[in-house]
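Worksheet: one structure, shown below.
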Amino acid sequence: MLPKIHRLRQRRDFTWVYQKGIRRSSLHLTLRGLKLRGDRSVSPTRFGISISQKVSKRAVDRNRIKRQIRAALRLLLPKIKSGWYLVIVVQPQAIECDYRQFLQELEQLLEDAEVLNGD
């Protein structure tokens with residue numbers, strides 16, 4: 001699991017990111033992101049994962065994908081800038097992916113969105 005402080009949980013936050021945020025896509029994932037302004041720009045970055053039943057009807061498969069994405073995010077967390085709300089949307093083709101592919105795609109998407117530090 002991601003630390004509680006890094007979880008995006010409220011429906012209104014997801015909606016806010018979808019309406020006002022940026023979008024970056026790869027073959028298996030789509031990244032939606034919203035840069036916070038003002039005092040909230042120093043708050044930690046929060047993540048949400050959206051995966052529909054179109055990816056797989058089986059909850060076991062959807063949960064496995066979410067666990068792999070969370071593990072990749074935990075690895076990338078020290079490199080990520082603060083002050084963002086990020087939602088990772090899983091595409092139906094992702095059912096065939098493994099952890100390395102998720103890690104590679106997430107890193108590329110975060111880099112494209114300029115969310116990663118330059119380290």
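What follows draws every value from the coordinates through simple rules; no lab data is involved. The structure displayed is predicted, hence computed values, not measured ones. Positions of Cβ are generated from backbone atoms using ideal geometry, with glycine treated the same way; all protein chains shown enter the neighbour counts.
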Check: What are the residues whose amide H is under 5 Å from the amide H of I80, where those residues sit 5 or more places off or on another chain and H is modelled from the backbone?
Finding: N117
Checklist line | Nearest 10 degrees, 0 to 90: helix 59-76 Cα axis against the chain principal axis | finding: 40 degrees
Check: What is the dipole size for the chain, taken about its Cα centre, with +1 at each Lys and Arg Cβ and -1 at each Asp and Glu Cβ, in debye to the nearest 20?
Finding: 700 debye
Check: Quick one: R70, R23, fewest Cβ neighbours within 10 Å first, how do they rank?
Finding: R23, R70
Notebook entry, point to check: So how long is each side of the range 4-112 along the principal axes, counting just the alpha-carbon atoms, biggest first, in Å?
Noted result: 41, 27, 25
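Sorting V90, V55 on the 10 Å Cβ count, fewest up front, what's the list?
Ascending number of Cβ neighbours within 10 Å: V55, V90.
Where Rh is the Kirkwood radius over the Cα pairs of the range 32-72, the temperature 10 °C and the viscosity 1.306 mPa s, what D in µm²/s does Stokes-Einstein return?
128 µm²/s
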Note to self: What do you get for the angle between helix 99-112 and the principal long axis of the chain? Use alpha-carbon atoms, 0 to 90 degrees, nearest ten.
What the structure shows: 30 degrees
Checklist line | Acute angle (nearest 10 degrees) that the helix 11-20 long axis makes with the longest principal axis of the chain, alpha-carbon atoms | finding: 80 degrees
Item checked: Virtual spin-label span in nm between W16 and R67, 7 Å along Cα→Cβ -> 3.2 nm
